[in-house]
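Following: one structure in structure tokens, then a few remarks.
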Amino acid sequence: MARLLQSVITGLTNGGVYVLIALAFSIIYMTTRTINFAQGEILMVGSFIYFGTAVTLGLPWPVALIMAAAGAMVTGLVVYLLALAPLGKFDPNTNIGWILTTLAMSLMLVEGFRIVVGEDQHRVPTPFRSVFGRTTILDIEPKQYVVLIVGVGLALGLEILHDRTQLGRALRATAHDKATASLLGINTTAMVLYSFGLAGVLAGIGGWLLGPLIFVSSNMGTLIGLKSFVAAVVGGIGSTRGALVGGLTIGVVEQLARAYGAGEWAEAAVFVALILILVLRPTGILGEALIEKV
């Protein structure tokens, strides 16, 4: 029982990063009905910016975090302007180009960083080494709890923001029917830019959280991005609450697979969970079927 409890807690803490990137996938999907497969690489950009500012330049970690989030936000907007905006009013439901261009951007970011900074891996020190003098709580380091707290906190904050504010109503209107929302005076282009910018900020924060847990490298975001996409689909893509539930679920599934002998197959367990959810509930745990009038 103790082993199971520790595995669940560890899985929840690991799932905090998946929550953030799943939120990014969902927010972009809400306004464009497409998937930004460069999201994991934007996280990588945020990690490198944080490493460069906090470790190389020696700036305080809050300043480095702000710069990482800002840099990732700019990267997210650049991805939109280069990969999606040129496609104009193509229907993402029928044109695979919307997906292929973001995939191309992800490959370009990985190769670009590999050429510029090399393939070396860098360790980022954490500012959260102890809590009340304790370096572990239930054999888990404080920096992992920070991942869970930040991921859940941002998910709940965005849920409130998008549910109770004018901005949230404009975002939901754009997601429901962009043409009608535009006729009602909503700047749908601004809503799309907002979604890509916010997704970039979330990825930058995810890069800050992930840097102290694993080595920072040019390919660190690829698998994280894929597993976060799985989390978004499992929870119900397009749903803030779904991103929260999906991210934590995938974190727990992955950790339980590691704890009970799956070892190298832990990542495979994540995709098995995806298949099971799609078979049992294609819209995800909290997702809703999209109904369109024709």
Contour minus end-to-end for L57 and Q166, with contour as 0.36 nm per residue of separation and end-to-end as the Cα-Cα distance? 35.2 nm
Please arrange D120, D177 by counting, for each residue, the other beta carbons lying within 10 Å of its beta carbon, fewest first. D120, D177
Sort W208, W265, W98, W61 by Cβ crowding within 10 Å, fewest neighbours at the top. W265, W61, W98, W208
For D163, the net charge from surrounding residues (Cβ-Cβ under 14 Å; K, R +1; D, E -1) works out to +3
Which of these, L20, L57, L81, has the largest mean-square fluctuation under a Gaussian network model of the chain (Cα springs below 10 Å)? L57
Longest DSSP-loop-exposure-free segment, GluC sites (Glu not before Pro), the chain, at most 10 other Cβ within 10 Å: 120-291
Matching label, Rg and Dmax of the Cα atoms in Å computed from the structure shown, candidates (1) 21.4, 75; (2) 21.0, 81; (3) 18.8, 63: (3)
Footprinting proxy, S239, S130, S228: sorted fewest to most Cβ within 10 Å, the residues are S130, S239, S228
Expected 222 nm ellipticity per residue - DSSP helices of 4 or more, -39500 (n - 2.57), all of the chain, to 500: -23000 deg cm²/dmol
Any idea what the relative contact order of the range 2-280 is, in percent, if you count C-alpha pairs under 8 Å spaced at least 6 apart? 41 percent
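Taken together, the values in this text are just the output of simple stated rules run on the coordinates, not laboratory data. Note that the structure is a prediction, hence the values are computed from the model and not measured. Here Cβ is always computed from backbone atoms with ideal geometry, including for glycine, and neighbour counts include all displayed protein chains.
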